[in-house]
Amino acid sequence: MSEKVRIAFYALTSCYGCQLQFAMMDEILQLLPKAEIVCWYMLERDSKEVEPVDIAFIEGSVSTEEEAELVKEVREKSKIVVAVGACATQGGVQSWTDKPLDELWKTVYGDGKVKFQPKMAEPVEKYIKVDYKIYGCPPEKRDFIYALGTLLIGSWPEDIDYPVCLEC
Ligand code: SF4
């Protein structure tokens with residue numbers, strides 16, 4: 001990796017809670033001298049092109065055709081792809097349904113027109129190879145720090161088990 005690690009944080013269908021958790025880490029200030037954040041959807045979304053980066057974090061489930069295309073482009077341009085949170089790693093609550101898409105669509109949008117092509121919500125890994133996953137809703141700050149800190153020094157983080165109950 002280059003001296004400054006290039007990082008991007010993308011969001012698909014999500015509540016932006018994972019990004020908020022990331023933003024609220026005081027420790028991020030210590031990590032930032034080693035990194036350059038070239039894209040952060042929480043701060044700026046529509047005007048951003050997908051740029052080549054060392055590490056791409058992706059929050060949210062793939063729930064539209066446009067998001068499916070976005071994750072493929074992110075994969076092509078990123079050395080390491082990290083799926084962040086329950087939506088990206090498992091599909092999130094928006095995937096918990098046995099109703100068909102057109103029925104869900106009508107319930108939420110009626111006959112209204114929208115700018116996107118919907119799909120059933122699915123984890124990022126259904127579309128692209130994911131190199132590492134950070135679980136949780138949102139993930140624990142310590143898991144973010146561990147994963148990012150380890151990647152920034154050019155090492156590889158071990159998989160983190162995520163218990164159903166944090167007291168377990
Ligand atoms: Fe929000 Fe949880 Fe999904 Fe993160 S995993 S985007 S906190 S719903």
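The values are calculated or read from the model by the stated rules, or taken from the named source; none is laboratory data. Predicted model, so just to flag it, every value in this text is computed and none were measured. With ideal geometry, Cβ positions are generated from the backbone for all residues, glycine too; neighbour counts draw on all protein chains shown.
Taking the listed residues V93, V82, V124, the one that is in contact with a Phe, Trp or Tyr (Cβ under 7 Å, 6 or more places away or on another chain) and within 16 Å of the ligand (Cβ to nearest atom) is V82, with no other qualifying.
Here's the yes/no breakdown for (1) at pLDDT 95 or above; (2) closer than 17 Å to I134 by Cβ:
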site: E3; (1), (2): no, no
site: K48; (1), (2): no, no
site: A68; (1), (2): yes, no
site: V71; (1), (2): yes, yes
site: E76; (1), (2): yes, no
site: I80; (1), (2): yes, yes
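Here is the figure for the stretch 2-36: residues that are more than 16 Å from the ligand (Cβ to nearest atom), surrounded by fewer than 17 Cβ atoms within 10 Å (Cβ to Cβ), closer than 26 Å to E69 by Cα and hydrophobic (A, V, I, L, M, F, W, C) total 0. In the stretch 37-68, which residues are more than 15 Å from the ligand (Cβ to nearest atom) and part of a strand (DSSP E or B)? Those that are more than 15 Å from the ligand (Cβ to nearest atom) and part of a strand (DSSP E or B): I37, V38, C39, V53, D54, I55, A56, T64. Among residues of the stretch 136-151 that are touching a residue at least 12 places away in the same chain (Cβ under 8 Å), those with a Cβ under 7 angstrom from a residue that is of a type in the set (S, T, Y), sequence gap 6+ or separate chain, pair up as G136/Y162; A147/Y132. Contact annotation: residue pairs with Cβ atoms under 6 Å, 6 or more positions apart or on different chains, pairing a residue in the stretch 84-98 that is under 18 Å from D161 (Cβ atoms) and in contact (Cβ under 8 Å) with a residue 12 or more places away in the chain with a partner that is more than 8 Å from the ligand (Cβ to nearest atom) and of a type in the set (K, R), are T89/K133. So for the stretch 98-121 (the condition being buried (at least 16 other Cβ atoms within 10 Å of the Cβ), within 12 Å of the ligand (Cβ to nearest atom) and not charged (D, E, K, R)), does at least one residue qualify? Yes; the residues of the stretch 98-121 include at least one that is buried (at least 16 other Cβ atoms within 10 Å of the Cβ), within 12 Å of the ligand (Cβ to nearest atom) and not charged (D, E, K, R).
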